[in-house]
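K.L.:
Supplied in structure tokens, the structure appears directly below.
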Amino acid sequence: MRSAETEFIGGPLDGRILPVYLNPFNAVPKVYKVPVPAHGEEPARTLVYRRAKRHSAKGRPRWVYEYEATEQDRLPGPEQDGAADGGEPGTPEPPSPDAA
């Protein structure tokens with residue numbers, strides 16, 4: 001089977017160039033799903049990448065895969081800074097008026 005070296009953008013595979021099998025029309029599939037097995041407390045999940053057309057420096061079209069975040073990835077978890085109080089992650093809390 002033929003394959004093409006295809007770049008992945010975003011998500012856990014960001015920046016990697018992996019061989020992807022071509023379909024009967026010699027194109028990469030529109031959707032590329034990567035199953036991730038369960039590990040420790042993390043449940044099993046599937047990473048989804050969608051095909052997007054990019055142009056090389058010479059103007060030739062080429063296919064890349066862009067990460068499609070799932071609803072679970074978009075929601076902040078309780079382990080992230082500021083997620084419990086609705087603030088932005090990594091921003092310090094403002095001092096309370098009683099602290100002065």
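The values are calculated or read from the model by the stated rules, or taken from the named source; none is laboratory data. Only a predicted model underlies this, so the values are computations on that prediction, with no experimental measurement involved. All Cβ positions, glycine included, derive from the backbone under ideal geometry; neighbour counts span all protein chains shown. With ligands, DNA and RNA removed, areas are computed over all heavy atoms of the protein, side chains included. Shrake-Rupley method; radii C 1.70, N 1.55, O 1.52, S 1.80 Å.
K.L.:
Using amide H atoms built in the peptide plane, which far-off residues or other-chain residues are under 5 Å from L22 H to H?
P.N.:
Close amide H contacts, sequence-distant or interchain: R2, S3, A4.
K.L.:
Same structure, new question: Quick one: accessible surface of R60, probe radius 1.4 Å, all protein chains present, in square angstrom to the nearest 10.
P.N.:
150 Å²
K.L.:
Here's something else I'd like to know. Largest first, how would F8, F25 line up by accessible area (1.4 Å probe)?
P.N.:
On the way: F8 0, F25 175 Å².
Greatest to least solvent exposure: F25, F8.
K.L.:
Describe numerically, in nm with one decimal, the distance between label points set 7 Å from Cα along Cα→Cβ at A69 and at A27.
P.N.:
Spacing of the two 7 Å Cα→Cβ label points: 2.8 nm.
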